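Working notes, structure below.
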Amino acid sequence: MKEKLYRRGWNEADVSLHTPARAERGKSLRGYHNEEKERAKKGRIPLFFATDDNYLPFLSLTLESILENSSREYEYEIYVLHSGLREDFMAKILRYSRAGFTLSFVDVTERLKGIAHRLHIRDYYTCTTYFRMFIAEMFPLYDKAIYLDCDTVVLGDISELYAYELGDNLLAGAPCEGVNSFEVYKRYVAELGGLDPDYFFNAGVLLLNLKAFREENFYGQFADLLEKYKFKVIQDEDYLNVLCQDRVLRLPRAWNKTPVAPDILPREDLRIVHYLMTWKPWRYSDIPYQEYFWEYAKKTEFYGYIKKMFDGASKADMEKDKLVEKNLKALAEKEIAREDGYFKVYGKRYGKIG
């Protein structure tokens, strides 16, 4: 099976280089690991994103900020996972592709077919939030990679994130400010999942140990847990935290700083700003760190489109956001009260990898 891949300068024959199918034709994963080491020596860093049309315009800000702030000593290989996107949007994003900063679109629709009916999707989320689960199996040539959400602005050098040594950890992530800023979500994490809220990481900025993911059959264990239990509140983030518990390298909050937490860091202390949940500067004019969003939005071809979204934001849109927040907290309370909740039925260690 081949995933559809769009990339400047690539032809159809090249696509198979980036699918597990090639390994099945006789090239071992050991060979891929050796290739990855050689690529690392050359200073190549893989970055992954997952998006739909709604968030693709904001990816331009992330790419713009990476280009401006990251070391030129490395080459960046960027992959955008999707299940169908507007051609005109993709064309604009592909203009960021250049020497040392290559960009590819990978259609994962076929990958979704086996599990899509089991995925729980709420409010403004789509299946794209689960795409990061496929990276290790789809890209066996990489042993380590960065994953970023598209609603991020990178103010630091992204190569410094890649430089963290993962050891035996499955991934590195920063504490989730969206959880720790609200008592109901802290109770949800502790009581439903049996996890420590202080160590519950946000999945929007991750350094992934792809080699360990494959060795531990991460995708198979995710599919098994998905079959047994549906997390409805924080969705893919719930699964990642349960599966990876005790094997997570904790990143400084500067690598995933959000407008949700009350403490405001100066620019020199920030590495990545993440506009998560309903804290969106393209809808509101009072969002902490919004100045960085607009600084980079103005440098992209999507600025007019994004500014129009901001100007067109209505009171009804804002009321909808309030309803989303209210309903999510109510859902968290409902899940906490379940007699068949995850922790009550399975205990702390069920689903944990290793």
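Across segment 290-303, rounded Karplus estimates of 3J(HN,Hα) from the backbone phi angles (6.51 cos²θ - 1.76 cosθ + 1.60, θ = phi - 60°) give 5, 4, 6, 4, 6, 4, 8, 4, 5, 8, 9, 6, 8, 4 Hz, Gly and Pro being marked x. Here the gap between ASP157 and ASN69, fully extended at 0.36 nm per residue and compared with their Cα-Cα distance, gives a gain of 31.1 nm.
In this calculation the C-beta distance from ASP246 to ASP88 is compared with R0 = 51 Å, giving a FRET efficiency of 0.65. Eigenvalues of the alpha-carbon gyration tensor of segment 212-354, scaled by 5 and square-rooted, set the equivalent ellipsoid semi-axes at 34, 21, 15 angstrom, largest first. Between the beta carbons of ASP224 and LYS344, assuming R0 = 22 Å, the FRET efficiency works out to 0.70 to the nearest 0.05. In loop segments of segment 264-354 as defined by DSSP, the chymotrypsin sites (Phe, Trp or Tyr not before Pro) with at most 15 further C-beta atoms inside 10 Å of their C-beta are TYR350.
With the convex hull of its Cα atoms as the shape, segment 224-284 has an orientation-averaged projected area of 6.0 nm². Which residues in segment 294-333 place their backbone N less than 20 Å from a point set 7 Å from the Cα of ARG95 along the Cα-to-Cβ direction? Residues 294-310 fall inside that zone. Here the 3J(HN,Hα) profile of segment 264-279, calculated from phi with Karplus coefficients 6.51, -1.76 and 1.60 at θ = phi - 60°, is 10, 8, x, 4, 5, 9, 8, 10, 9, 9, 10, 8, 8, 6, 9, 8 Hz, Gly and Pro shown as x. Applying 1/(1 + (r/R0)^6) with r as the Cβ-Cβ distance of GLU110 and GLU268 and R0 = 51 angstrom yields a FRET efficiency of 0.70. Once backbone amide H atoms are built at 1.01 Å from N, PHE201 has CYS176 as its partners under 5 Å, excluding neighbours fewer than 5 places away on the same chain.
Taking GluC sites (Glu not before Pro) across segment 142-240, the ones in a DSSP loop with at most 10 further Cβ atoms lying within 10 angstrom of their Cβ are GLU165.
Where a number appears in this text, it was derived from the coordinates with a stated rule and is not lab data. Please read all numbers here as calculations on a predicted model, not as lab measurements. Reconstructed Cβ throughout: ideal geometry from the backbone, glycine too, with neighbour counts over all protein chains shown.
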